[in-house]
Amino acid sequence: MARQAILSAASESSDHPMFSLRSFATVGGMTLLSRILGFVREVLIAQIFGTGPIADAFIVAMRLPNLLRQVFAEGAFSAAFVPVFTRHLTERGMSGARIFAEQVMALLLVALLIVLVAAELAMPWLIHIFAPGFDADPTKFQAAVLFTSITFPYIVFMSLCALQGGMLNGLHKFAENAVAPVILNAILIATMWFIKGDDLFVGEALAWSVTLSGLVQFLWLANACRRAGLSLRLPLPRFTPDAVQLFKLMVPGLFGASVVQINLAVSTILASLHAGSVSFIYYADRLYQLPLALIGSAIGVVLLPALTRALRSNDPKAAMHMQNRALELGLVLSLPSTVGLIVAALPIVTTVYHRGAFTYDDAEAVSLALMIMSAGLPAYVANKALTAAFLAREDTTTPFRQAAISVAVNIAISFSLTLPFGYIGVAVGAMVSAWVNAILLATILYRRGYLQLDQRIKRTLPRLFLCCLVLGGATWGAVLYLWPGQGAATQVQALSLIAIIAVGAIVFAGSVLAFRIVSFAELRSLRRKS
């Protein structure tokens, strides 16, 4: 790791206690657990369904409510709610913040129920729009309609969970909210482990499990809020000035905080035009999302309330320091991850997915998609930190405008490349649009004086790039000499992949020391502080 990123993060608990390494580790650790279970879930799905029609149908049934959850609940709503709720905590105390949350919940629930009823009635038309390529396969289309009708209530529970999680994050209680996604994966894994039958029956059982997991997550967070002293009543819905202001902030935030999810929606629509492409993009995305969620999401969750507190306390110097450290830490973690995912893509995909109905040809296709998409990982991680700088100032319009531009770039590139190159064009469009969005956000922050890279990050990044070059060469050599190939047993492949990762980690650590990014004395100092 980079010297200043690690040492600064370790000391944040004393300098800026609201943005600490402990908070980051809490969110990241729970996210890692969730993603590990998610990998188990995806391995079972790939083994049972492969890349056939039921797999595509279930993926769409998961993707549509998850898209709305991420764009609305965890995107626009959380982006607007957390800063405003934090401001109410600062200015009005717990009582005032609780009254505000109750007002928002009442209006939110009414809106969600209306959307749920409308979506259930219009489900066939939604599938026509969201996956137009399914029209050519009646079995796939009908399965997608059935599965999505069952999973759609998940968005109601997840939106309420976003409100509860936002309150907990505003109180800097990150653990309970970070644990909630583990519940979804645990329930789906249990369903596939115990439920047997044909693909359609298992797919329907999984769809019901998604909705059940939403209810369980809601109850889990409701209990966490009660223990934190924020039990909410359900008043009559009223458009109070505070609630109206929140929903005004949400309108542009529907795009501004959700570029990843919008690009995934575009990818799904275009990929559905080619058989198997939805599955290729989906399985690659699940691997790519591990470091993105572990690094980017954790930084965004911890940074937003911390920045809001600093700005409300009229401490722009502290806010700038947090912004630099968040960017530095994100790049220090995401750049090596990017190199590893690109160089070792085929061994990773083969080890994780190649069994049952998932063929080696499928593994090669998913690997290529993973390599292309991973090139956008540092941009996506940076976007989390950059977007928080706007949201903490209750500015959702600027991120919306830049997101609209990046989505337009994604559509243009994906549409022009998908017809000749299939799913490869979709992956390229998503990757390029991420970089466009990051560059636009960073440029605007710099022009407004909200982003000034300090000497610490300027010293670290060039050396980090050199370390990543060394890492790439070492990983490439390890793949050539240690990877046994597609015919080897899964256990042998897994051991070989572990060895490849170990070689990369050791060489990267050695290069970090050799390029004097960190020293042994500083590592000992970090250990004492921990």
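The values are calculated or read from the model by the stated rules, or taken from the named source; none is laboratory data. Because the structure is a prediction, the values reported are computed rather than measured. Using ideal geometry, Cβ is built from the backbone for each residue, glycine included, and neighbour counts are taken over all protein chains shown. Heavy atoms of the whole protein, side chains included, go into the accessibility calculation; ligands, DNA and RNA do not. Shrake-Rupley method; radii C 1.70, N 1.55, O 1.52, S 1.80 Å.
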Would you call Ala363 aliphatic (A, V, I, L, M) and either touching a Pro at 6+ places or on another chain (Cβ under 8 Å) or under 25 Å from Cys468 (Cβ atoms) (or both)?
-> no
Flagged in the range 368-410 as free of Cβ contacts under 8 Å to residues at least 24 places away in the same chain and over 27 Å from Phe81 (Cβ atoms), in numbering order, are Ala408
Take the residues of the range 139-150 that are in contact with a Pro (Cβ under 6 Å, 6 or more places away or on another chain) and not charged (D, E, K, R): which is most open to solvent (accessible area, probe 1.4 Å)?
-> Thr139
Since Gln47 meets every condition but one in (1) open to solvent by 10 Å² or more (accessible area, probe 1.4 Å); (2) assigned to a helix (DSSP H, G or I); (3) of a type outside the set (Lys, Arg); (4) at pLDDT below 75, which condition does it not meet?
-> (4)
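So if I check each of Ala131, Ala122, Ala136, which one is surrounded by 17 or more Cβ atoms within 10 Å (Cβ to Cβ), on the phi < 0 side of the Ramachandran plot and of a type in the set (Gly, Ala, Ser)?
Ala131
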Whichever residue in the range 402-419 is open to solvent by less than 40 Å² (accessible area, probe 1.4 Å) and of a type in the set (S, T, N, Q) and, among such residues, is farthest from Met373 (Cα to Cα) = Gln402
Tell me which residues, restricted to the range 368-401, are open to solvent by 20 Å² or more (accessible area, probe 1.4 Å), within 18 Å of Trp435 (Cα to Cα) and assigned to a loop (DSSP other than H, G, I, E, B).
-> Ala375
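The rows are residues; the columns are (1) open to solvent by 10 Å² or more (accessible area, probe 1.4 Å); (2) within 16 Å of Ser78 (Cα to Cα).
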| site | (1), (2) |
| --- | --- |
| Leu163 | no, yes |
| Leu188 | no, no |
| Ile195 | yes, no |
| Glu204 | yes, no |
| Val210 | no, no |
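Can Leu466 be described as modelled with pLDDT of 85 or more, more than 26 Å from Val302 (Cα to Cα) and either open to solvent by 40 Å² or more (accessible area, probe 1.4 Å) or among the acidic types (Asp, Glu) (or both)?
On the way: modelled with pLDDT of 85 or more: yes; more than 26 Å from Val302 (Cα to Cα): yes; either open to solvent by 40 Å² or more (accessible area, probe 1.4 Å) or among the acidic types (Asp, Glu) (or both): yes.
For Leu466, the condition - modelled with pLDDT of 85 or more, more than 26 Å from Val302 (Cα to Cα) and either open to solvent by 40 Å² or more (accessible area, probe 1.4 Å) or among the acidic types (Asp, Glu) (or both) - is met.
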Just checking, which of Ile411, Ile372, Ile439 is over 24 Å from Leu294 (Cα atoms) and among the hydrophobic types (A, V, I, L, M, F, W, C)?
-> Ile411
